[in-house]
Amino acid sequence: MILIVDDDIAVRTSLSLLLKQAGYATKAVGTPEDALRVVRDTPPALVLMDMNYSLATTGQDGLRLLGQVKEVAPRVPVILITGWGSISLAVEGMKAGAAEFVTKPWNNDSLLQTIRTVISLAEAHTTHAEDEVSPTRRQLDRQYNFRNIVGQDAQLLQVLRSVGQVAATDASVLIEGESGTGKELIAEAIHLNSQRRNKPFVKVNLGGISASLFESEMFGHRRGAFTDAKADRQGRFELANGGTIFLDEIGELDMGSQVKLLRVLQDRTYEVLGDSRSRSLDIRVICATNRDLAQEVREGRFREDLFYRINLITVRLPALRERPDDIPLLAQHFVQNLRTSYLRPALKVNTRALHWLREQALPGNIRELKNLVERAVLVSGKDELGPEDFQAQTQRLPAKAEPGALPEVGMMTLDELEAQMIRKTVDFYAGNLSRVAKALGLSRGALYRRLEKFNIPFDAAQ
């Protein structure tokens, strides 16, 4: 229930109608005394209150009521309603514990969004403060070890259910999701809830291993196996034997390395470089990617047989923007860790900052949020972080163009646009000029002329 407090009956009627149409139960009163009576008897989910209840219009009676409400029900969020000339007074109210303020005349859509956000943040803050979780998350935590995973969004809980169900098996799992969504944590959760939990968990970033070093890194080598092999080296598969190997960024693997990996996963045997003896493997394989591997298969950049070998079970992690209610929980979790790391026990994030963070797109997902929180803590030097502390540390990235979108007017000439399209098409068809010409609607002769015109070397297009 939302409590509306305003001495103007027209305002009370207007707000009541707006909120009821939006699906909220409401109660409207005209005096501070009635408001306090309601708060004591039936604490509302939110108080929406005016700042003035007397002819003086100083706002002091509004501040007094705010203080009384926070004393009676400290966890009930309050949104102040003020005129443009009283914004400084509203800011004073924010310092006294109000969650937000809106100005008269208000915009209906903006007001409803503010109400939704404040109520959501209050619920999240209460959940954190009382160390409570949703019943579904509580049940999952009783069954499984998910101690490193923060959040209770429905999509995340569905992922955790799947993880709990498949963890006890040895099924290969493919984890899909954007960069920074926590794929490594999910892989680790699968291992921690498996029969192999007391065996090694070995993480391999395949995007950081060149094709020439793939065999040495993954299978190991004997001294003298190649020029720089000055000592024996254990490979990642040997280190993971008996446990779980996590192959991150598997979509970055070149075709040659894909063949070698497929052979190991099929036969569960491998050979150390410089040693002809085959060795057996007993491992659980978990892979992760931020690419659409099915599309990569269709376009010939990822082997179909390897794709089906690694994705017996597929888990898709939602982006952080798809579960915005978890953003405040994550931010508070990071702050809690930083209290210990930096010996700052008073460190906290205020409600307005949580409100602001929840509205951010955060394309870098959890990793971006974690870095943003830590930067704000380090740079601000304050114990209570507000939205301005995070805004100052936000790294603005250029907006990503939509697929098929043209550059802005004045940013590129027609020649530059044509040259870019030819290069992209040559790359897409791996230098097959017949297919490039056909895709561009050109004869081979016309394509050659353009390759010369734009200084695109022929050997780079073969």
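The values are calculated or read from the model by the stated rules, or taken from the named source; none is laboratory data. Just so we're clear, the structure is a prediction, and the values are computed from it rather than from any experiment. Using ideal geometry, Cβ is built from the backbone for each residue, glycine included, and neighbour counts are taken over all protein chains shown. For the accessible areas, the whole protein counts, side chains as well, though only heavy atoms, and no ligand, DNA or RNA atoms are used. Shrake-Rupley method; radii C 1.70, N 1.55, O 1.52, S 1.80 Å.
Accessible surface calculations at 1.4 Å, restricted to protein heavy atoms, place the chain at 53 Å² per residue.
Residue farthest toward the positive end of the dipole of segment 159-227, with Cβ of Lys/Arg at +1 and Asp/Glu at -1: which of Ala189, Ile209, Leu174? About the Cα centre, the residue reaching furthest to the positive side is Ala189.
Output the antiparallel fraction of DSSP beta bridges having both residues in the chain, as a percent to the nearest 5. Please list the in-between numbers first.
On the way: 5 of 42 bridges.
Counting only bridges with both partners in the chain, antiparallel ones make up about 10 percent.
Taking the 1.4 Å solvent-accessible surface of segment 294-372 as the whole, the part contributed by carbon and sulfur is 49%. The angle between the Cα long axis of helix 444-453 and the longest principal axis of the Cα atoms of the chain comes to about 70 degrees, rounded to the nearest 10. On the beta carbon distance between Gln68 and Arg161, with R0 = 51 Å, the FRET formula returns roughly 0.70.
Where does helix 365-380 land angle-wise versus the long Cα axis of the chain, in degrees 0 to 90, nearest 10? Helix 365-380 sits at roughly 60 degrees to that axis. In a reduced charge model with +1 at each Lys and Arg Cβ and -1 at each Asp and Glu Cβ, segment 232-294 shows a dipole moment near 200 debye about its Cα centre.
Fraction of C-alpha pairs exceeding 27 angstrom in segment 247-389: 48 percent, rounded to a whole number.
Take Glu304 and Leu185, extend 7 Å from each Cα along the Cα→Cβ direction, and tell me the distance between the two endpoints in nm. A separation of 3.7 nm, rounded to one decimal place. With only the Cα atoms considered, segment 199-331 has a convex hull volume of 142 Å³ per residue. Here the alpha carbons of the chain define both size measures, Rg and Dmax, at 29.4, 95 Å. Summary value for segment 1-102: 25 percent relative contact order, contacts being C-alpha pairs under 8 angstrom separated by 6+ residues.
Taking the Cα centre of the chain as origin, sum charge times position over the Cβ atoms of Lys and Arg (+1) and Asp and Glu (-1), and report the length of that vector in debye to the nearest 20.
Working: 59 positive and 59 negative charges, 250 e Å.
Approximately 1200 debye in magnitude.
The long axis of helix 414-428 is offset from the longest Cα principal axis of the chain by roughly 60 degrees.
Defining a contact as two alpha carbons under 8 Å apart and six or more residues distant in sequence, what relative contact order in percent does the chain show? Computed value for the chain: 11 percent relative contact order.
In segment 129-189, which trypsin sites (Lys or Arg not before Pro) are in a loop and have at most 14 other Cβ atoms within 10 Å, using DSSP for the loop call?
Values: sites: Arg137, Arg138, Arg142, Arg147, Arg161, Lys183; in loops: Arg147.
Sparse-neighbourhood loop trypsin sites (Lys or Arg not before Pro): Arg147.
Each label was represented as a point 7 Å from its Cα along the Cα-to-Cβ direction; for Arg435 and Leu414 these points are 3.0 nm apart. Students often get this wrong, so check it: of Lys20/Lys95; Lys27/Lys70; Lys95/Lys382; Lys348/Lys370; Lys199/Lys230, which have C-alpha atoms separated by over 25 Å? Over 25 Å Cα-Cα: Lys20/Lys95; Lys199/Lys230. Work the Kirkwood hydrodynamic radius out for segment 37-78: mean of 1/r over every pair of different alpha-carbon atoms, inverted, in Å. Averaging 1/r across every pair of different Cα atoms and inverting gives 10.7 Å.
Between the DSSP loop rule and a limit of at most 13 other Cβ atoms within 10 Å, which chymotrypsin sites (Phe, Trp or Tyr not before Pro) in segment 178-283 are left? The partial results should precede the final answer.
Details: sites: Phe201, Phe214, Phe219, Phe226, Phe237, Phe246, Tyr270; in loops: Phe226.
Listed in order of number, the matching sites are Phe226.
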